[in-house]
Amino acid sequence: MGFEAEYLTRFQERQTLLFVDYAQGESVDLLPVEASMYGLCSVYRGEGSRSRRDRVLASVATRGRVDWHPIVSDLRMRLGDRSAYAIPDAASWGTVGAAMENDLVELIEIRNRLAIEEGFASYAHLAMWAEGLDLDGVKRFVVAARDSTLPGAHRTVDREHMTLETWFDDLERFGGPGPDDVPTAASELVRLLGLGEAADRISWVVRDQPIYGVAFALEIPDDVRILVGRSGSLSALVVAYHELGHALGHASNRATGVFRTWETTTDESMAVVMEAIAGRLLLTDDEREHIAVIEQCETARIATSLLFEFAVNERPGEGRTLFTEWHEPLVPIDDPAVWARDTFRSIDPFYLQGYLIGSVVAHATVEFLSDRFPDDPNEWGVWLVENYYAPGRAATLSDRLDALGDHRPRELDGVFRL
Ligand SMILES: [Zn+2]
């Protein structure tokens, strides 16, 4: 098998392990599969052609030589496993962060060093490059997203006495009640969009735990699974729509080889698109108002978190000071050591832009679909498969937005790497 086929096999193997870990609660060892991905990436030499497939393979291999490096894998695995730190169950977030801080600083430093060896100015530069994004353009876009939502979000935080620790519970309470059986509620959306054929390849696992969701692609397009937590709130329903967006993208992917994998920004955008479609087609005016307030708080929080991440990537030794500086305009910070317990710094670095870019993509897509097919959600489904899902990674996010014609969102113009 060549690099491409071998990499796809390992990629899906890793997804299967993650599913076993998250959904079945068995502890799994990711190190062997990541080591084998590292081995593949380190011997890969590009063909030098400029086809989209060769460029994707080069980007996968370049990022792989950093993300799957044995030291990076090892630190990431440790940081994902609280039991490695002997922290009491009842420990505060600050205590957890303080225990993990040295490992996280080391992880950030080594990722930067490996990225520099690959010819990039930093790991942030490499990560954005591999996503097809321009670092400076993304920063400008994120600052604008933060600035336009911070005042409103801050008022909500004040009024509801929110803290980072209570953030998600507060927003869930605020959103109000939802159906008890979210997979069944989400299947109503599938029916409206006429996507039953793809949905047959998706299975749901419900675990009784805090609101939460993840989609796993064990075999693309034939075996996609969604894990969701407890039901009964509007927030939990929105999470289910979100995960359905990820899953439909994988289950409707008609591409081959590495085009079955994804750039995380594109993947997140597809999930946020489905949230917005569900909002338009299924939610009441009252529910949509609640969601808008939640979205404003979340945009402000995620943009703040990502701007902090860019800063701490440059000065990892100053995590606590930078965390307070960036977060205090939004929410009070008691113990800045909490910065080191956030898995978006360790397990999913430079991932958060996907939610922010996705939100713009989602609103533009819903406007486009409502204009183009006003009374026919079935046509929305057909359009999504043809233009967004079927091409897989052969189509960049920017390519997909071309299909929106005049509805292509101008505010994203600067974020894509040309
Ligand atoms: Zn997602």
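Quick check: is even one residue across the stretch 265-281 away from the ligand (no atom under 11 Å from the Cβ), assigned to a loop (DSSP other than H, G, I, E, B) and either modelled with pLDDT of 95 or more or in contact with a Ser or Thr (Cβ under 7 Å, 6 or more places away or on another chain) (or both)? Looking through the stretch 265-281, none of the residues is away from the ligand (no atom under 11 Å from the Cβ), assigned to a loop (DSSP other than H, G, I, E, B) and either modelled with pLDDT of 95 or more or in contact with a Ser or Thr (Cβ under 7 Å, 6 or more places away or on another chain) (or both). So is residue 33 without any contact (Cβ under 8 Å) to a residue 24 or more places away in the chain and buried (at least 19 other Cβ atoms within 10 Å of the Cβ) or not? Taking the combined requirement at face value, the residue satisfies it.
Is there a residue being β-branched (Val, Ile, Thr), buried (at least 20 other Cβ atoms within 10 Å of the Cβ) and either within 22 Å of the chain's Cα centre (by Cα) or outside any helix (DSSP H, G or I) (or both) anywhere in the stretch 158-168?
Pass one, the stretch 158-168, residues β-branched (Val, Ile, Thr): 163, 166.
Still in the list and also buried (at least 20 other Cβ atoms within 10 Å of the Cβ): none.
Checked the stretch 158-168: no residue is β-branched (Val, Ile, Thr), buried (at least 20 other Cβ atoms within 10 Å of the Cβ) and either within 22 Å of the chain's Cα centre (by Cα) or outside any helix (DSSP H, G or I) (or both).
Looking across 145, 98, 153, one residue alone is buried (at least 18 other Cβ atoms within 10 Å of the Cβ), hydrophobic (A, V, I, L, M, F, W, C), over 30 Å from residue 57 (Cβ atoms) and over 24 Å from the mean Cα position of the chain (by Cα). It is 98.
Screening the stretch 199-214 for residues that are within 15 Å of the chain's Cα centre (by Cα) and free of Cβ contacts under 8 Å to residues at least 40 places away in the same chain and picking the one that is surrounded by the fewest Cβ atoms within 10 Å (Cβ to Cβ) gives 212.
Between 42, 73, which is touching a residue at least 24 places away in the same chain (Cβ under 8 Å) and assigned to a helix (DSSP H, G or I)?
The match here is 73.
Suppose we filter the stretch 234-247 for residues that are more than 12 Å from the ligand (Cβ to nearest atom) and farther than 20 Å from residue 291 by Cβ; how many remain? Final tally of qualifying residues: 0. Within the stretch 55-67, identify whether any single residue is among the aliphatic types (A, V, I, L, M), within 20 Å of the chain's Cα centre (by Cα) and surrounded by fewer than 19 Cβ atoms within 10 Å (Cβ to Cβ), and answer yes or no. No, there is no match, as no residue in the stretch 55-67 is among the aliphatic types (A, V, I, L, M), within 20 Å of the chain's Cα centre (by Cα) and surrounded by fewer than 19 Cβ atoms within 10 Å (Cβ to Cβ). Of all residues in the stretch 241-260, those that are hydroxyl-bearing (Ser, Thr, Tyr) have Cβ atoms under 7 Å from Cβ atoms of residues that are part of a helix (DSSP H, G or I), 6 or more apart or on another chain, in 241/186; 241/189; 241/274; 241/275; 241/278; 252/198; 252/385; 252/389. Just so you know, in the stretch 206-233 the residues that are more than 16 Å from the ligand (Cβ to nearest atom) and assigned to a strand (DSSP E or B) include one that is farthest from residue 251 (Cα to Cα), and it is 233. Consider the stretch 219-239 and keep the residues that are over 17 Å from residue 169 (Cα atoms) and under 17 Å from the mean Cα position of the chain (by Cα). The one that is surrounded by the most Cβ atoms within 10 Å (Cβ to Cβ) is 224. Candidates are the residues of the stretch 45-82 that are at pLDDT 90 or above and among the hydroxyl-bearing types (Ser, Thr, Tyr); the one that is farthest from residue 25 (Cα to Cα) is 51.
The values are calculated or read from the model by the stated rules, or taken from the named source; none is laboratory data. On a predicted model such as this, the values are computed, not experimentally measured, just so you know. Methodologically, a virtual Cβ is constructed for each residue, glycine included, from the backbone with ideal geometry; neighbour enumeration extends over all protein chains shown.
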